[in-house]
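The values are calculated or read from the model by the stated rules, or taken from the named source; none is laboratory data. Computed from a predicted structure; not experimentally measured. Neighbour counts run over all protein chains shown; Cβ positions are idealised from the backbone, glycine included. Note: areas computed on protein heavy atoms with side chains; ligands, DNA, RNA excluded. Shrake-Rupley method; radii C 1.70, N 1.55, O 1.52, S 1.80 Å.
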Amino acid sequence: MTSISWEQALAWRMRRHALVERASPKQLIDVVDRLCGLHAQVMSSVDLALWARIEGLQREAVADALWKKRTLVKMWAMRSTLHVLPAADLGTWIGGLSIWKPGTWPLKNPESLQVTPFLSKALRGKTLTRVELAEAVAKLGATPKMVEAMLGSWSSSLRYASFLGSLCFAPSESAEG
């Protein structure tokens, strides 16, 4: 068995996280992958985390990777919080997140489970705001209680659908993203 010191482990981690030698802009997706995604409740934290690790990162690089190239995806993930993850590995992430089955993680309302099929159908081939999505699922037969649950702050309905791969984020209409 190989033994390493805390200092050696820290040095390895800092190198792996591109904090010793910064990566090139071409390595943006690889850096996100090595970090196992980036916490994205506030999108500027993603930009700052990557700027610290990537030499010469252009201001629009993350937005381009998310919204134009679609090489990154923003979705609810670990700890039921927003993360930016490599799109190429999305199936793996969804597989891992799907361990949160009904009854094994806290749902504030059962409508979270029942609305998911409506969400999948409403979003097929479309990009919708939350309000537009609520209107679409209502037209598809979702109950008013399901729609209300969707529109609530930190909607568990949408988080659960994200864990199942039924939805992810699109560009925000606000400046924050």
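Tally time: how many residues in segment 33-49 are surrounded by 13 or more Cβ atoms within 10 Å (Cβ to Cβ) and in contact with a strand residue (DSSP E or B) (Cβ under 7 Å, 6 or more places away or on another chain)? Qualifying residue count, segment 33-49: 8.
Condition check ((1) open to solvent by 50 Å² or more (accessible area, probe 1.4 Å); (2) modelled with pLDDT of 90 or more) across all residues:
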residue	(1), (2)
Val84	no, yes
Ala88	yes, yes
Pro117	yes, no
Arg130	yes, no
Ala136	no, yes
Thr143	yes, no
Leu151	yes, no
Leu164	yes, no
Ala170	no, no
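Checked against (1) within 21 Å of Leu128 (Cβ to Cβ); (2) part of a loop (DSSP other than H, G, I, E, B); (3) not hydroxyl-bearing (Ser, Thr, Tyr), Met75 passes all but a single condition, namely (2).
Residue pairs whose Cβ atoms lie under 7 Å apart, sitting 6 or more positions apart in sequence or on different chains, and linking a residue in segment 52-68 that is part of a helix (DSSP H, G or I) to a partner that is open to solvent by 50 Å² or more (accessible area, probe 1.4 Å) and of a type in the set (A, V, I, L, M, F, W, C), are Ala65/Ile29.
Just one residue in the set Leu72, Leu57 is surrounded by 18 or more Cβ atoms within 10 Å (Cβ to Cβ), among the aliphatic types (A, V, I, L, M) and more than 21 Å from Ala170 (Cα to Cα); that residue is Leu57.
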